[in-house]
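Undergrad: Structure below; questions to follow.
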Amino acid sequence: MLDLHRLRALHAVHVHGSVAAAADALGYTPSAVSQQIGKLERETGAALLERDGRGVRLTAEALHLAGAARELLTIVERAETELEERRGVPAGRLTIAAFASAARGLLPGVLADLSARHPALDARLSEVDPHLSVDLVARGAVDLAVAHDWDIAPLPAPAGVEQAVIGDDLCDLLVPADHPFAGRAGVRRGELGGQRWICQPPGRVCHDWLVRTLRGAGHEPEIVHQAEENPTLVALVAAGLGIALIPRLGRGPLPEGVVEVPLDPLPVRRLYALWRTGATGRPSIAETVRTLREHWPKVSVRPAG
């Protein structure tokens with residue numbers, strides 16, 4: 001009989017694309033995931049992973065098993081959901097995916113609160129890009145995701161995925177202290193042409209929003225520096241290397257030499273919690289969404305500095 005834990009490991013590699021990413025999602029080490037798949041290979045008498053450059057890919061036999069694993073895991077999830085519903089209290093493991101600034105600025109307090117209130121609930125967090133989180137929920141790779149969209153880039157929610165609004169995160173224009181915009185009461189989007197910009201790389205939601213917004217105002221953005229993390233973007237602004245548009249959530253106090261200027265109209269990104277429709281009745285889902293909303297006012301205020 002095939003071992004469900006080993007099938008889960010194989011399914012995670014299929015969903016997340018690598019052994020390392022699967023290990024992060026499952027809370028294991030890459031070595032442990034490799035060992036599980038190695039045992040599954042011996043049980044089935046089939047090679048399941050093969051080298052593909054620096055990574056691995058699933059063989060035809062592995063793809064067949066991964067499909068079967070998804071069906072089995074869906075049945076297990078349904079049984080666990082029904083059991084949790086009957087108990088009426090949050091319990092068991094709950095996997096959560098969140099984008100970087102939410103993982104830093106919102107989730108620590110939420111997870112600590114859930115742990116204190118519900119010791120039978122084992123909530124686990126993974127940091128992922130918001131572009132990926134919706135699909136991870138839809139495919140059953142995570143139970144709940146915290147994602148966001150922007151006013152000109154709505155978040156798609158596929159069939160079978162529910163969503164609830166957590167709150168609105170405001171964004172500010174950050175400029176060096178000696179920049180002409182510093183000290184202004186506000187800057188209109190039409191004034192942003194000819195600036196040197198610092199932002200996240202292409203494919204990230206913030207980057208795409210900036211490019212679309214500036215082009216919509218008739219300007220081709222000159223992006224001179226790119227970095228993944230907001231603290232790095234702020235440091236580049238502090239060095240006088242350009243300006244940036246950065247949300248308030250998880251931003252922290254601004255260092256000396258950086259000035260916050262409101263952009264008119266003020267950009268807004270909306271945060272959502274997403275989960276599969278079949279899990280709507282889980283007390284852990286309902287309690288996590290409630291706690292996210294409860295904590296939002298505490299973290300959405302303007303940072304000092």
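The values are calculated or read from the model by the stated rules, or taken from the named source; none is laboratory data. What you see is a predicted model, and the numbers here were worked out from it, not measured in a lab. When we count neighbours, we look across all protein chains shown, and the Cβ atoms used for this are built from the backbone with ideal geometry, even at glycine. All accessible areas refer to the heavy atoms of the entire protein, side chains included, with ligands and DNA or RNA removed. Shrake-Rupley method; radii C 1.70, N 1.55, O 1.52, S 1.80 Å.
Undergrad: Assuming R0 = 41 Å, what is the FRET efficiency of Arg184 and Arg57, from their Cβ-Cβ distance, to the nearest 0.05?
TA: 0.20
Undergrad: Percent of accessible area on the chain owned by carbon and sulfur, 1.4 Å probe?
TA: The computed percentage sits at 53.
Undergrad: Hey, what number do you get for the chain at 222 nm if only DSSP H runs of n ≥ 4 count, each worth -39500 (n - 2.57), divided across all residues, to the nearest 500? Intermediate values should be presented prior to the final figure.
TA: Numbers: 10 runs with 128 residues, N = 305.
Taken over the chain, the calculation gives -13000 deg cm²/dmol.
Undergrad: Sticking with this structure for a sec: What does the charge count around Arg70 come to, taking other residues whose C-beta lies under 11 Å from its C-beta (Lys +1, Arg +1, Asp -1, Glu -1)?
TA: Charge balance near Arg70 sits at 0.
Undergrad: Further, regarding this structure: Normalised by the number of residues in the chain, what is the relative contact order in percent for Cα pairs under 8 Å and 6+ residues apart? Could the numbers behind the result be given before it?
TA: Values: 536 pairs, mean separation 66.6, N = 305.
Once normalised by length, the contact order is 22 percent.
Undergrad: Same structure, new question: With springs connecting C-alpha atoms under 10 Å apart, model the chain as a Gaussian network and identify which of Pro262, Pro247, Pro119 has the largest mean-square fluctuation.
TA: The residue with the greatest mean-square fluctuation here is Pro119.
Undergrad: Also, quick follow-up: In whole angstrom, note down how far apart the Cα centers of segment 198-231 and segment 58-122 are.
TA: Using only Cα atoms to place each centre, the spacing works out to 33 Å.
Undergrad: Would you mind checking the tilt of helix 30-44 against the longest principal axis of the Cα atoms of the chain, expressed as 0 to 90 degrees and rounded to 10?
TA: Result, in degrees: 30.
Undergrad: Report the net charge of residues surrounding Gln226, where surrounding means a beta-carbon distance below 15 angstrom and charges are Lys +1, Arg +1, Asp -1, Glu -1.
TA: Charge balance near Gln226 sits at -3.
Undergrad: Per residue, what accessible area does segment 115-213 have, given a 1.4 Å probe and all protein chains present, in Å²?
TA: Numbers: 4300 Å² over 99 residues.
Value for segment 115-213: 43 Å² per residue.
Undergrad: A follow-up question, please. Using the alpha-carbon centroid of each, what span in Å lies between segment 166-194 and segment 245-268?
TA: When both Cα centres are located, 7 Å separates them.
Undergrad: With a 10 Å radius around each residue's Cβ, average the other Cβ atoms per peptide and rank 16-25, 202-211, 221-230, 139-148, highest first.
TA: Highest mean packing first, the order is 139-148, 16-25, 202-211, 221-230.
Undergrad: Right, next: Within 14 Å, Cβ to Cβ, of Arg184, how many net charges do the neighbouring residues add up to if Lys/Arg are +1 and Asp/Glu are -1?
TA: Numbers: positive: Arg188, Arg189; negative: Asp172, Asp178, Glu191, Glu260, Asp264.
Local net charge: -3.
Undergrad: For the Cα atoms of the chain, what angle does the longest principal axis make with the long axis of helix 205-216, in degrees from 0 to 90, nearest 10?
TA: So the helix axis and the longest Cα principal axis differ by about 40 degrees.
Undergrad: So, one more: May I ask what percent, to the nearest 5, of DSSP beta bridges between residues of the chain are antiparallel?
TA: Of all bridge pairs located within the chain, approximately 65 percent are antiparallel.
Undergrad: Can I ask one more? How much accessible area per residue does segment 238-280 have, counting only protein heavy atoms and a probe of 1.4 Å, in square angstrom?
TA: For segment 238-280, the solvent-accessible area averages 35 Å² per residue.
Undergrad: Mind listing the long-range amide H neighbours of Ser126? Cut-off is under 5 Å, sequence gap 5 or more, other chains count too, H placed in the peptide plane at 1.01 Å from N.
TA: Ile96, Ala97, Ala98
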